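Chemist: Let me give you the structure first, and then I'll get to my questions.
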């Protein structure tokens, strides 16, 4: 069985609404991205933009190909988010969902300076 490493930073995190998508996954720990992103608060979930200077807090999971397919569906890959492999500090490469800026065009969202979604709730 093929397995993948996925970094999650929003509603897929433990304790949040979409964590059930990871019910068969193995949590590998808490990590930080490189400081090259902007994390936006979209209300019920965040969006990661591939520009900026913020290091974002992520949970890393080992998932099956079936789970990865389900996550792609949930995240609207590749239209709303695109799954991209990126370096995670202290871990290595993992897939992470990055928002397509075009999908957010015309709307204004607040940046989360701490890089941790969910703290403000």
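FYI, it's all coordinate maths here, none of it is from the lab. The model shown is predicted, which means the values in this text are computed figures rather than measured ones.
Chemist: Mean residue ellipticity at 222 nm from the helices of the chain, using -39,500 (n - 2.57) per DSSP H segment of n ≥ 4 over the full residue count, to the nearest 500 deg cm²/dmol?
Modeler: Numbers: 2 runs with 15 residues, N = 121.
Calculated at 222 nm, the ellipticity per residue is -3000 deg cm²/dmol.
Chemist: Whole percent per 5 Å bin, from 0 to the bin with the longest distance: what is P(r) over all C-alpha pairs of region 11-68?
Modeler: In order of increasing distance, the bins hold 4, 16, 23, 23, 21, 11, 1 percent.
Chemist: Please report the antiparallel percentage of DSSP beta bridges with both residues in the chain, rounded to the nearest 5.
Modeler: On the way: 29 of 31 bridges.
So the antiparallel bridges amount to about 95 percent of the total.
Chemist: Taking only Cα atoms, what is the 0 to 90° angle, nearest 10, from helix 65-75's long axis to the longest principal axis of the chain?
Modeler: Roughly 20 degrees between the two axes.
Chemist: Sticking with this one: Could you tell me whether region 58-101 comes out rounded, prolate or oblate from its Cα gyration tensor? Rule is a ≥ b ≥ c as square roots of the eigenvalues, rounded for a/c under 1.5, then prolate if a/b exceeds b/c, otherwise oblate. Before the final figure, lay out each step's value.
Modeler: Working: a/c = 2.63, a/b = 1.28, b/c = 2.06.
It is oblate, given that a/c is not under 1.5 and a/b is not larger than b/c.
Chemist: Same structure again: How many angstrom separate the Cα center of region 12-58 from the Cα center of region 73-119?
Modeler: 7
Chemist: Taking just the C-alpha trace of region 3-111, give me its Rg and Dmax in Å.
Modeler: Answer for region 3-111, Rg first and Dmax second: 13.0, 38 Å.
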